[in-house]
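Novice: This is the structure, below, for whatever I ask next.
The values are calculated or read from the model by the stated rules, or taken from the named source; none is laboratory data. A quick note: this is a predicted structure, and the numbers were derived from the prediction, not measured. Cβ placement follows ideal geometry from the backbone for every residue including glycine, while neighbour counts extend to all protein chains displayed. Ligands, DNA and RNA are stripped out before the accessible areas are found, and what is left, the full protein with its side chains, is counted by its heavy atoms. Shrake-Rupley method; radii C 1.70, N 1.55, O 1.52, S 1.80 Å.
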Amino acid sequence: MHKRTKVKITFFVILVGMASMFTAVVTDHWAVLSPRVEQVNATCEAAHFGLWRLCKKAIYISEADYNGKGCGPISLPGAENCTYFKHFTPGDESEIFEVKTQKEYNISAAAIAIFSLAFMILGTLCLLCSFKKGNDYILKPAGMFFAFAGLCAIISVEVMRQSVKRMIESEDTIWIDYSYAWSFACACAGFCLLFLSGLGLLLLSMPRMPQNPWESCMDAEHEVE
């Protein structure tokens with residue numbers, strides 16, 4: 001298969017990875033948190049959140065089996081109220097982040113995700129420039145940018161995972177149960193596609209290996225002349 005065809009296929013995979021990562025960044029279904037159901041025939045308030053927004057949903061519980069368990073599932077009907085985090089406003093605290101450390105985790109995850117988007121933009125610019133004749137050398141920085149974007153994505157995922165884990169384990173929060181949702185899965189998919197595609201571009205940017213020993217010998221003869 002021709003090198004340029006391989007680059008175009010890799011670019012298509014990169015576009016899918018970028019779409020997955022962008023979807024993860026702008027949506028708010030990274031994690032779902034549930035408090036304990038204290039009584040039946042009453043409402044409990046579950047929450048789902050992402051990097052920028054928290055949504056709380058009042059769910060009516062009528063089955064006795066849920067008593068003492070987590071509220072939900074979040075797919076049940078109920079009134080939903082969403083608010084945006086004010087990460088960079090001093091002194092502003094969201095109710096979900098009762099512990100300061102947990103808010104710092106969420107801020108870190110959001111900032112690292114922004115770096116991932118920046119690397120994706122730089123990688124795309126380099127890759128588009130490489131399509132011009134004689135610009136194959138730009139594939140190497142493009143591959144590095146996409147690999148860095150994938151690494152930032154998985155770091156953001158891990159920071160968010162640690163944030164959720166600490167919220168569940170903390171005695172200062174009301175949450176007893178959690179699950180990761182489709183935005184979290186999109187970020188993981190974005191990491192895989194971007195990182196592997198970045199490595200693929202780096203391999204494609206490397207000089208072609210000789211097909212047989214005679215090619216190396218012929219090159220050596222030309223150098224002697």
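Novice: Going down the table (Lys103/Lys140; Lys69/Lys103; Lys140/Lys165; Lys56/Lys103; Lys57/Lys103), which pairs top 29 Å between alpha carbons?
Specialist: Details: Lys103/Lys140 37 Å; Lys69/Lys103 26 Å; Lys140/Lys165 38 Å; Lys56/Lys103 17 Å; Lys57/Lys103 21 Å.
Lys103/Lys140; Lys140/Lys165, as the Cα separations exceed 29 Å there.
Novice: So for region 1-52, averaging the separation of alpha carbon pairs under 8 Å that are six or more residues apart and normalising by length, what relative contact order in percent results? Kindly include the intermediate steps, with their values, before the conclusion.
Specialist: Details: 37 pairs, mean separation 17.8, N = 52.
Computed value for region 1-52: 34 percent relative contact order.
Novice: Whole-Hz Karplus ³J(HN,Hα) for region 191-205, in order, using 6.51 cos²θ - 1.76 cosθ + 1.60 and θ = phi - 60°, x for Gly and Pro?
Specialist: Per residue, the Karplus-derived 3J(HN,Hα) values read 4, 4, 5, 5, 5, 5, 5, x, 5, x, 5, 5, 5, 5, 7 Hz.
Novice: Moving to a separate point now. Please report, to two decimal places, log10 I(q)/I(0) for region 113-183 at q = 0.22, 0.25 Å⁻¹ as given by the Debye formula with identical point scatterers on the Cα atoms and no solvent.
Specialist: These q points yield log10 I(q)/I(0) values of -0.89, -1.00.
Novice: Between Leu117 and Ser75, what is the spin-label point distance in nm, taking each point 7 Å from the Cα along the Cα→C-beta axis?
Specialist: 2.9
Novice: ³J(HN,Hα) across region 127-136 via Karplus (A = 6.51, B = -1.76, C = 1.60, θ = phi - 60°), whole Hz, x for Gly/Pro?
Specialist: 5, 5, 5, 5, 6, 6, 4, x, 10, 4
Novice: On a full-extension model of 0.36 nm per residue, what is the gain between Asp136 and Val16, subtracting their alpha-carbon distance, rounded to one decimal in nm? It would help to have the intermediate numbers written out before the result.
Specialist: On the way: separation 120, 0.36 × 120 = 43.20 nm, distance 2.25 nm.
Full extension of this stretch gives 41.0 nm more.
Novice: Tell me which residues come under 5 Å, amide H to amide H, from Arg53 once H is placed; ignore anything under 5 positions away on its chain.
Specialist: Here the answer is Phe85, since their amide H atoms fall under 5 Å of that of Arg53.
Novice: Hey, another quick one. Gain in length, Ile168 to Thr83, computed as 0.36 nm per residue apart minus the alpha-carbon separation, to one decimal in nm?
Specialist: Values: separation 85, 0.36 × 85 = 30.60 nm, distance 2.09 nm.
Contour length minus Cα-Cα distance gives 28.5 nm.
Novice: Okay, moving on. Quick one: how many Å² of Asp136 are accessible to a 1.4 Å probe, rounded to 10?
Specialist: Estimated to the nearest 10 Å², Asp136 gives 70 Å².
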